[in-house]
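Rule-based calculations on the coordinates, nothing more; no lab input. It should be emphasised that the depicted structure is a prediction, and the values quoted were computed from it without experimental measurement. Positions of Cβ are backbone-derived with ideal geometry, glycine not excepted, and every protein chain shown enters the neighbour counts.
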Amino acid sequence: METRIIKKCVLKKKVKRYLNKTLVGIIIFLVGIISVKNNDQLRGMIQRNVYETSIPFMKLRNQYDKYIGSFLSLSNKKETVPVSSNKISYEKYEEMNNGVMLTVEENYPIPAIESGIIIFLGEKEEYGKVIIVEQINGVETLYACIDFKDFKLYDYIEKNEIIGQASKKELFLAFQKNGEYLNYKEQI
């Protein structure tokens with residue numbers, strides 16, 4: 001009986017904390033809306049930063065996890081996903097188009113290099129099927145020549161989660177941060 005009362009009190013505290021965070025968030029949002037509406041300079045700054053720059057989704061997720069946490073998760077069910085404990089293995093490489101073309105085994109399962117959010121999923125003329133992941137560290141990784149799994153835009157993927165397989169015996173990778181391409185040797 002006592003444990004039931006304790007559980008009930010803990011649940012009440014969690015709900016109260018959640019409601020307080022929600023109310024504070026709503027107040028901040030409303031103050032922001034009113035400020036933007038009444039200040040042309042602030043409105044211009046918001047338009048430049050929101051419409052003309054890339055949104056760092058991973059930073060937003062980390063802040064969400066830090067301040068709001070997993071309290072809002074709707075399911076306790078953990079979905080199992082195939083993962084690999086290995087780094088990407090390849091036979092040879094060729095630098096091209098600000099990235100690297102790796103020669104891999106046929107149908108090679110491609111692990112995510114780092115945890116992140118999918119920010120592009122589709123086809124690009126110069127690469128074919130492409131998946132771009134914004135990693136936790138802010139690096140955008142482009143995986144091309146890939147048959148990707150059933151992902152959706154803005155899905156979160158874990159490090160070493162299998163994101164697809166090489167469509168031929170090739171895998172193209174490119175790494176970019178703040179608009180600058182990075183050396184692939186430091187990434188894989």
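Annotations
- Computed E for Ile46/Lys12 - FRET, C-beta separation, R0 35 angstrom, nearest 0.05: 0.40
- Shape call, segment 92-186: gyration tensor on alpha carbons, a/c limit 1.5: rounded
- Fully extending the segment from Glu180 to Glu125, taken as 0.36 nm per residue of separation minus the present Cα-Cα distance, adds 17.7 nm.
- Here the dipole of segment 2-53 is about 620 debye; that uses its Cα centre as origin and unit charges on the Cβ of Lys and Arg (positive) and Asp and Glu (negative).
- The charge dipole of segment 92-186, taken about its Cα centre with unit charges on the Cβ atoms of Lys, Arg (+1), Asp and Glu (-1) only, comes to about 60 debye.
- Listed values for segment 10-21 are Karplus-derived 3J(HN,Hα) couplings in whole Hz (6.51 cos²θ - 1.76 cosθ + 1.60, θ = phi - 60°), namely 5, 4, 4, 5, 5, 5, 4, 5, 4, 4, 4, 4, and x replaces Gly and Pro.
- Alpha-carbon centroid distance for the pair segment 113-168 / segment 3-29, whole angstrom: 37
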